[in-house]
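The next block holds one structure in the form of structure tokens; read it before the comments.
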Ligand SMILES: NC(=O)c1ccc[n+]([C@@H]2O[C@H](COP(=O)([O-])OP(=O)(O)OC[C@H]3O[C@@H](n4cnc5c(N)ncnc54)[C@H](O)[C@@H]3O)[C@@H](O)[C@H]2O)c1
């Protein structure tokens, strides 16, 4: 009988005598042990192999881990007009980007264009999700290692907000709270927030500085102002780096012609002036409806500050680079120059070569007469100023994309 219980202290015979009896116990014990190890390793290898074969097995995604030298930005609303342009710029600048969008207003076609341009693993991922669903948002934050958030996602039409205010408070204010809570819970410490000049309302004194009191006059502006307040209140007890950018009226598109503005046809009636001008120039609509000709402005039509989307996304990158922990930066993003609706239509006619029929109508509720920015703060602090300030040229670039995308992202066939 082999004695495996032999006390270890017992003296060993010299190796040359180890031929039989109890002295064979050690090597045999080792062999058994090795066999067990080999068996266990084999079992582990088999389990790994089977797991890998299983459809649910996923190797860790590059989006789920932090990588030295790579900044991972969550772009909410990245399938939309401004968010897609921001994503393009971030990817060109070597950022890693995750887009979260519910496609309620954006275009999956824009995401596809971006994915085709940047197909390498770990550059761009798209997550179809609604920011109103806190559980889903929390899961997204727990599965991805974000360094910063650019929060663009929102419904964003002044006219629609007067008709359906609750939608605006829910989508803008409540969803910003969801995003902020997820950021706080998952230690994501940099936020660039898309706000608007609509938060100022109709100030008497122009131009608008960041010190101009905010008295929004429509639910869209009020919902954005509430979001700003929530962010700033939260920030009082947090070390988050926050930049709030208050955009003026955004126009134009990517000069390389890869992206454009393609709002849903059903939103046409609430749409922005550039889309309405292009629709009229293409003959999709009979003409342009200009609401309000009795404002106290030089030609009676509203005055706005039109900022090119390429300049706007540049402001975001500068904001991201300059965001400091424990600091909230608030900046107007505009050109500093106001143009009337009549001037805009003239520039659009020149850019498109079409004659646009204009129908003048009474004022639209919730609109204000004159709005333009004082952009000195952003120039002095972030070294940013608008470069694409020729209205006609910005519209020409946008028109080029419109002409070759008659159905928006639905079709890329040239139509004119
Ligand atoms: N376009 C302008 O002139 C302008 C001016 C000032 C501020 N802004 C702000 O800029 C941001 C972007 O505006 P835009 O013009 O690109 O609008 P857009 O409609 O083109 O894009 C918004 C995107 O957000 C997505 N989205 C909306 N609700 C969502 C939700 N609950 N969950 C997930 N995704 C959701 C939409 O599907 C869409 O892709 C908005 O916050 C808007 O308020 C725009």
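The values are calculated or read from the model by the stated rules, or taken from the named source; none is laboratory data. Just so it is clear, the model here is predicted, and its values are computed rather than measured. Ideal geometry is used to build each Cβ from the backbone, glycine not excepted, and the neighbour counts take in all protein chains shown.
Considering only residues that are free of Cβ contacts under 8 Å to residues at least 40 places away in the same chain and not in a strand (DSSP E or B), look in the range 115-132 and name the one that is farthest from the ligand (Cβ to nearest atom).
Among them, the one singled out is 120.
With the structure loaded, tell me whether residue 136 is more than 19 Å from residue 321 (Cα to Cα), within 13 Å of the ligand (Cβ to nearest atom), more than 15 Å from the chain's Cα centre (by Cα) and free of Cβ contacts under 8 Å to residues at least 12 places away in the same chain or whether it fails that test. Full working, then the answer.
On the way: more than 19 Å from residue 321 (Cα to Cα): yes; within 13 Å of the ligand (Cβ to nearest atom): yes; more than 15 Å from the chain's Cα centre (by Cα): yes; free of Cβ contacts under 8 Å to residues at least 12 places away in the same chain: yes.
Against the criterion (more than 19 Å from residue 321 (Cα to Cα), within 13 Å of the ligand (Cβ to nearest atom), more than 15 Å from the chain's Cα centre (by Cα) and free of Cβ contacts under 8 Å to residues at least 12 places away in the same chain), residue 136 qualifies.
Considering only residues that are more than 22 Å from residue 108 (Cβ to Cβ), in a loop (DSSP other than H, G, I, E, B) and away from the ligand (no atom under 12 Å from the Cβ), which ones fall in the range 245-283?
Answer for the range 245-283, where residues must be more than 22 Å from residue 108 (Cβ to Cβ), in a loop (DSSP other than H, G, I, E, B) and away from the ligand (no atom under 12 Å from the Cβ): 255, 283.
Looking at the range 190-208, I want the residues that are within 12 Å of residue 368 (Cα to Cα) and have a partner that is part of a strand (DSSP E or B) with Cβ atoms under 6 Å, at least 6 apart or on another chain. Which pairs are those?
197/246; 200/208; 201/215
Scan the range 324-334 and give yes if some residue there is within 15 Å of the ligand (Cβ to nearest atom), in a loop (DSSP other than H, G, I, E, B) and at pLDDT 90 or above, otherwise no.
yes
Any chance the range 53-60 includes a residue that's at pLDDT 95 or above and not in a loop (DSSP other than H, G, I, E, B)?
Among the residues of the range 53-60, not one is at pLDDT 95 or above and not in a loop (DSSP other than H, G, I, E, B), which makes the answer no.
Considering only the range 68-86, state which residues are surrounded by 13 or more Cβ atoms within 10 Å (Cβ to Cβ) and away from the ligand (no atom under 11 Å from the Cβ).
The answer is 70, 71, 72, 73, 74.
Assigned to a loop (DSSP other than H, G, I, E, B), within 16 Å of the chain's Cα centre (by Cα) and closer than 22 Å to residue 326 by Cα: which single residue out of 179, 188 fits that description?
Within the list 179, 188, the selection yields 188.
Would you confirm whether any residue within the range 346-355 is surrounded by fewer than 15 Cβ atoms within 10 Å (Cβ to Cβ) and touching a strand residue (DSSP E or B) at 6+ places or on another chain (Cβ under 9 Å)?
Within the range 346-355, none of the residues are surrounded by fewer than 15 Cβ atoms within 10 Å (Cβ to Cβ) and touching a strand residue (DSSP E or B) at 6+ places or on another chain (Cβ under 9 Å).
I'd like to verify a number: residues in the range 158-195 that are within 12 Å of the ligand (Cβ to nearest atom), surrounded by fewer than 21 Cβ atoms within 10 Å (Cβ to Cβ) and at pLDDT below 95, how many?
Total meeting the criteria: 1.
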